[in-house]
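Down below is the structure, laid out as structure tokens.
The values are calculated or read from the model by the stated rules, or taken from the named source; none is laboratory data. Fair warning: this is a prediction, and the values are worked out from it, not measured in the lab. We place every Cβ from the backbone using ideal geometry, glycine too, and count neighbours over all the protein chains shown. Side chains included, ligands, DNA and RNA excluded: accessible areas come from the protein's heavy atoms. Shrake-Rupley method; radii C 1.70, N 1.55, O 1.52, S 1.80 Å.
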2 protein chains.
Amino acid sequence: MSSNVMPLPVVQFVQRPSIVELGWGHPDPSLLPVEMMRRATEAALSRHGSDALQYGSIPGPGPLLEWLQARIAGQESRAPGTEELMVTAGASWALDAILSVVTDPGDTILVESPTYHLALRILQDRRLRLVPAPADADGLVVEVLEERVAALRREGRRPKALYTIPTFANPTGACLAEGRRRRLIELAAAEGLLILEDDVYRDLAYDGAAPPSLWSMAPPGVVARLGSFSKCLAPGLRLGWLTAGPDLVGQITGGGLLDSCGGINHYTALVVSAVCEGGDLDRQAERLREAYRPRREALCDALRGALPEGCRFEQPGGGFFVWISLPPGVDSEKLLPRAEAEGVSFLPGTRFHIDGGGRESLRLAFTLYPEAELVRAAALLAGAIRSHMRDRRSG
Amino acid sequence: MSSNVMPLPVVQFVQRPSIVELGWGHPDPSLLPVEMMRRATEAALSRHGSDALQYGSIPGPGPLLEWLQARIAGQESRAPGTEELMVTAGASWALDAILSVVTDPGDTILVESPTYHLALRILQDRRLRLVPAPADADGLVVEVLEERVAALRREGRRPKALYTIPTFANPTGACLAEGRRRRLIELAAAEGLLILEDDVYRDLAYDGAAPPSLWSMAPPGVVARLGSFSKCLAPGLRLGWLTAGPDLVGQITGGGLLDSCGGINHYTALVVSAVCEGGDLDRQAERLREAYRPRREALCDALRGALPEGCRFEQPGGGFFVWISLPPGVDSEKLLPRAEAEGVSFLPGTRFHIDGGGRESLRLAFTLYPEAELVRAAALLAGAIRSHMRDRRSG
């Protein structure tokens, strides 16, 4: 038997005493749709009975695929055909599944920089050679990307894919400008570069609709777009979807793992299908936008009022995060222990880079706490930055 | 929009008209625990609330891990420590996850032969070099395995792992004899060979308790044992567990994918935890044993009465399958179209081999249909074999 005396944890998040944990990009538990899941389970089991518990159809259960097709058709300029769509066990699983069929160890992959630190870990676990492509406030700088691709080609390396979050990026909140979207797609089509579009924040747009996805703008096969129910419904479900070219979808659905599994998360997919069909998904997304929009504003307003001169940030139009550029010389790794001592935490910018960049930046998530806590956290962070700067000058 | 007029399928299984589909190793839908899942969802959401929907603890939610520890302690000679256990998204996912941390493309892996055909596909997708190790009615022939390992060593190849189903094997139903279990573990320990013990049929033992798992008999780190809720509860859940050495568990739980996901199938794991804790899992396993035991007997009795001379099979002590050796010269691939024309299907033995072996054998599953259908199917199969043999003689 286990020698533990403490019960083992249920969830991943660990709230430390007296720290506002702005490092975690997790949703506020009080907003998670417990009652919806109860209703949807009842609906799914009543409608599908034992079909909900049997080996599921490999691309995902029909009702969810059909709902996704209709929803995408309503939101975007094209809908995926049945061979361009599959249900996944979340965007991270989908990324890993795509890498398993598209890459070999040692292959070169371009990654937006900064980008989601745990996607970098998934890529690194596949032993890929990652080449950063810088992003600014308008997202990926496509001209620099072009130069990188050309430089790689001169070395005899052909990058197989680009990982990017063009819409409400993690960690910066930035959206790729529309002209850059077009230019990026042209480049990728010309170079045979597969764009891995991580598109999980689309439903959390706070200032009007999100920009069109790269997938919707591109010729078939150029973009694999990772969708997720984690941000607009609940992350513990481990459920998402993929829109991509028929070849790529077919390679994943035709592989041994899914032949053995059937649908990768079948039961949950049918329950979520009931959430979607009854309109609860759209209600939940709206509820989250209504909750997170004022949090974003409260945090950004408080930061604008409190941060010392030399700090910069853009208020994001959606998503979970605010990305702060610190004054020159202020190293966020060194700032972190002081900030935590004052009662606020964040993730240092270096986590989102593979080249040691990002020292003078940090990421805050505004989703986990109500406005008052965010305002308090902004003041604590500003105080920590000021103290740190004062110590550096006198040190 | 999709051009489909037919709704997309919900489940993987396709019932063809007028064929008893004994090729599919799927459970009988009428035995799947719809009401249990309803009750368990209610219990899990009442107890855990939003924790059921948040990012889950990476090794799996505490309540399920603790239940598994206690259950394994009650059934086996040792219980896994907390660092030797994790919740998985099913045995197939676990196999793939282990391969991702243990192997590189080109590595040599030994596979029991015959073995689960879709595990072979998962292994092949990783571009591993598979070397068959023959099994007989007492499971893997360990002396031959020793010879294979020695022969590989002479070629400078060190096999990294052995994939085996020692208890109620798919496709043969065989159990590895206890002496062979000990000898296999000694060999693996001496050679640094990781045993991948696929142990998903353990709860479906029809003639008394299943033999001890290799994992329970071996020193820590020698065996990674794949458990599953697919056979004793429901396959659509995509949920299982892994007992293995702390290093291997730590490599999987410490990887980028789970860092990003949290628990790999968190919500379902908490619902299943409620199934387990209330005693429903044991009730469901008992219900399945009570249902499948007479099916096994009905099929085996009918086969004994009907099959032509030269056919052989062993009545399995558990699991899903009966493995039939056909008379010399009867090729099951050629038999299949005739059998389907007569109204019964099976999987040819070649599917379970990587070396072209198994031509004169076939697998039947006795789980999907009630006794009367199995009896009818046995007669149809016997008739097809007789016709096929007659045609060969006269052809």
Can you pull out the residues in segment A:181-233 that are more than 20 Å from A:Glu83 (Cβ to Cβ), within 20 Å of the chain's Cα centre (by Cα) and of a type in the set (Lys, Arg)? A:Arg181, A:Arg202, A:Lys231
Is it fair to say A:Val275 is farther than 16 Å from A:Lys231 by Cα and either more than 11 Å from chain B (Cβ to nearest Cβ) or in a helix (DSSP H, G or I) (or both)? no
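Among the residues of segment B:29-38 satisfying the criterion of being aliphatic (A, V, I, L, M) and at the interface with chain A (Cβ under 7 Å from one of its Cβ atoms), which is surrounded by the fewest Cβ atoms within 10 Å (Cβ to Cβ)? Before you say what the answer is, go through the steps one by one.
Pass one, segment B:29-38, residues aliphatic (A, V, I, L, M): B:31-32, B:34, B:36-37.
Those still in the list that are at the interface with chain A (Cβ under 7 Å from one of its Cβ atoms) too: B:32, B:34, B:37.
On the way: B:Leu32: 21, B:Val34: 17, B:Met37: 28.
Of everything passing the filter in segment B:29-38, B:Val34 is surrounded by the fewest Cβ atoms within 10 Å (Cβ to Cβ).
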Do you know which of the residues in segment B:183-214 that are of a type in the set (A, V, I, L, M), open to solvent by less than 50 Å² (accessible area, probe 1.4 Å) and assigned to a loop (DSSP other than H, G, I, E, B) is farthest from B:Leu120 (Cα to Cα)? B:Ala210
For segment B:64-89, what are the residues that are facing another protein chain (nearest Cβ under 7 Å), surrounded by fewer than 24 Cβ atoms within 10 Å (Cβ to Cβ) and either basic (Lys, Arg) or farther than 25 Å from B:Ala209 by Cα (or both)? B:Thr82
Within the group B:Leu326, B:Leu362, B:Leu270, which residue is more than 14 Å from chain A (Cβ to nearest Cβ), at pLDDT 95 or above and over 21 Å from the mean Cα position of the chain (by Cα)? B:Leu326
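Residues to consider are B:Leu374, B:Leu381; find the one that is within 30 Å of B:Pro132 (Cα to Cα), open to solvent by less than 70 Å² (accessible area, probe 1.4 Å) and modelled with pLDDT of 95 or more.
Details: B:Leu374 fails: within 30 Å of B:Pro132 (Cα to Cα).
Of the residues listed, the single one that is within 30 Å of B:Pro132 (Cα to Cα), open to solvent by less than 70 Å² (accessible area, probe 1.4 Å) and modelled with pLDDT of 95 or more is B:Leu381.
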Can you spot a residue in segment A:188-211 that is among the β-branched types (Val, Ile, Thr), within 14 Å of chain B (Cβ to nearest Cβ) and on the phi < 0 side of the Ramachandran plot? yes
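For segment A:1-16: of the residues being within 7 Å of another protein chain (Cβ to nearest Cβ) and at pLDDT below 95, which is surrounded by the most Cβ atoms within 10 Å (Cβ to Cβ)? So that I can check it myself, show each step before the final result.
The initial filter retains those residues of segment A:1-16 that are within 7 Å of another protein chain (Cβ to nearest Cβ), namely A:1-2, A:4, A:7-13.
With the extra rule that they be at pLDDT below 95, the set shrinks to A:1-2, A:4, A:7.
Details: A:Met1: 13, A:Ser2: 17, A:Asn4: 13, A:Pro7: 10.
Step by step, filter segment A:1-16, then rank; the result is A:Ser2.
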Can you find even one residue in segment B:319-331 that is of a type in the set (A, V, I, L, M), crowded, with 17+ Cβ neighbours inside 10 Å and in contact (Cβ under 8 Å) with a residue 60 or more places away in the chain? yes
Looking at (1) over 22 Å from the mean Cα position of the chain (by Cα); (2) under 18 Å from A:Pro235 (Cβ atoms), which is the one condition that is false for B:Gly60? (1)
A:Pro308, sole failed condition from (1) in a loop (DSSP other than H, G, I, E, B); (2) under 28 Å from A:Pro212 (Cα atoms): (2)
Are any of the residues in segment A:39-48 within 8 Å of chain B (Cβ to nearest Cβ), within 16 Å of A:Gly236 (Cβ to Cβ) and surrounded by fewer than 20 Cβ atoms within 10 Å (Cβ to Cβ)? no
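For the structure I just gave you, tell me whether A:Asp355 is surrounded by fewer than 19 Cβ atoms within 10 Å (Cβ to Cβ), closer than 27 Å to A:Leu120 by Cβ and modelled with pLDDT under 95.
Values: surrounded by fewer than 19 Cβ atoms within 10 Å (Cβ to Cβ): yes; closer than 27 Å to A:Leu120 by Cβ: yes; modelled with pLDDT under 95: yes.
Answer is yes for this residue.
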Just give me the residues in segment A:90-110 being facing chain B (nearest Cβ under 10 Å), out of contact with any Ser or Thr (no Cβ under 9 Å at 6 or more places or on another chain) and charged (D, E, K, R), in sequence order. A:Asp104
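State yes or no: is A:Ile122 open to solvent by less than 50 Å² (accessible area, probe 1.4 Å), more than 10 Å from chain B (Cβ to nearest Cβ) and under 27 Å from B:Arg126 (Cα atoms)?
On the way: open to solvent by less than 50 Å² (accessible area, probe 1.4 Å): yes; more than 10 Å from chain B (Cβ to nearest Cβ): no; under 27 Å from B:Arg126 (Cα atoms): yes.
Against the criterion (open to solvent by less than 50 Å² (accessible area, probe 1.4 Å), more than 10 Å from chain B (Cβ to nearest Cβ) and under 27 Å from B:Arg126 (Cα atoms)), A:Ile122 does not qualify.
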I'd like the full set of residues that are in contact with a strand residue (DSSP E or B) (Cβ under 8 Å, 6 or more places away or on another chain) and open to solvent by 30 Å² or more (accessible area, probe 1.4 Å), limited to segment B:17-28. B:Trp24
Out of curiosity, is B:Ile58 among the aliphatic types (A, V, I, L, M) and over 25 Å from A:Phe13 (Cβ atoms)? no
Residues of segment A:231-244 satisfying the condition of being open to solvent by 10 Å² or more (accessible area, probe 1.4 Å) and either in contact with a Pro (Cβ under 8 Å, 6 or more places away or on another chain) or among the small types (Gly, Ala, Ser) (or both): A:Lys231
Residue count, segment A:258-315, condition open to solvent by less than 20 Å² (accessible area, probe 1.4 Å), polar (S, T, N, Q) and touching a strand residue (DSSP E or B) at 6+ places or on another chain (Cβ under 8 Å), comes to 1
Being part of a loop (DSSP other than H, G, I, E, B), closer than 21 Å to B:Cys261 by Cβ and either under 24 Å from the mean Cα position of the chain (by Cα) or more than 9 Å from chain A (Cβ to nearest Cβ) (or both): is that true of B:Gly25 here? no
